[in-house]
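Please read the structure below before turning to the comments.
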Amino acid sequence: MSRARRSTPASAVAQSTRVFGPPAPAVIGTLLAAVVFVIVLEFLVLISFIGQRLWGDPRILHDAVFSLPLLGWVAVAAASVVLVARILTTWLQLTEHGMAVRGLFRRAVDVPWGEVSRVLAVHRIDRGATPAEMLDLPDAPYDGVFVIDREGHRLVNVSGRFFGIGAQHAMVERARAAGVEIQQIEEITPRALRERERHAQTWIDLHPNLVLATLIGFYLAHNIATFAIWGL
């Protein structure tokens, strides 16, 4: 009987607490993206630096213009490390009392259900022909599950890509059980969602094409500058 009494609290805790991290596809995709950004798209910079053995050139880190291609690559590598760490270390915890989000390089969220105003469960966000639209999971029940606080700010977006489909279902179920209002939205555009909930989406969510154009412009400029300064 003593063993039965000891097992009961553990079972209760397992049922009341659920923790979600990035699923395997998110981990693999994040690492592949980092390799593409740091190595593939910077191939000209790397072969120029290594091929000419520029680490021994006295102008490196002393001449600003001559060091510009190297500094650009270091900035890309640092940004990629931060992004990888941010995604891979993020975890979501749901309990009967509230929710918490933790991870490196991100704002910690730890709120009871009483401070959550509503949850927007959006089945489909019609983004048109954008990179974000192509990354959507075809079998995910929601494009986004936005948790909004009482001041109208987003606490977290439980994305199927970065937390998994199970996390989306669990968030909706836990919030509903805690008495939080669940607003189901079948289909909506990013602009209409912003008009409905001003702070539900980030600037990147609203302007994915501009972000992509900026990335393309940066890599083109960086490789052109490398060829002009270092040559091949």
Carbon + sulfur, % of accessible area of the range 58-100 - ligands and nucleic acids excluded, 1.4 Å: 73 percent
What are the principal axis extents of the Cα atoms in the range 79-118, in Å, biggest first? 36, 16, 13
At q = 0.18, 0.23, 0.26 Å⁻¹, what log₁₀ I(q)/I(0) does a Debye calculation on the Cα points of the range 47-96 give, no solvent, two decimals? -0.68, -0.87, -0.96
More than 24 angstrom apart: percent of Cα pairs within the range 24-119: 47 percent
Evaluate the distance, in nm, between pseudo-label points positioned 7 Å from the Cα of Thr89 and of Ile39 along their respective Cα→Cβ axes. 2.3 nm
The alpha-carbon center of the range 161-214 and that of the range 26-80 are separated, in whole Å, by 35 Å
Please sort through the DSSP H helices of the chain and keep those with an alpha-carbon extent of at least 20 Å along the long axis and a Kyte-Doolittle average not below -1.0. 2-16, 64-88, 208-229
Please report the relative contact order for the range 80-207, taking Cα pairs under 8 Å with a sequence separation of at least 6, and give it as a percent rounded to a whole number. 25 percent
Throw me the Rg/Rh for the range 148-231, computed over C-alpha atoms with Kirkwood Rh, two decimals. 1.20
Counting pairs of alpha carbon atoms under 8 Å apart in space and at least six apart in sequence, what relative contact order in percent does the chain give? 23 percent
Over the chain, the quotient of the Cα radius of gyration and 2.2 N^0.38 Å is 1.30
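The values are calculated or read from the model by the stated rules, or taken from the named source; none is laboratory data. This is a predicted model, so every value here is computed, not measured. Backbone-built Cβ (ideal geometry, glycine too); neighbour counts: all protein chains shown. For accessibility, only protein heavy atoms count, side chains too; no ligands or nucleic acids. Shrake-Rupley method; radii C 1.70, N 1.55, O 1.52, S 1.80 Å.
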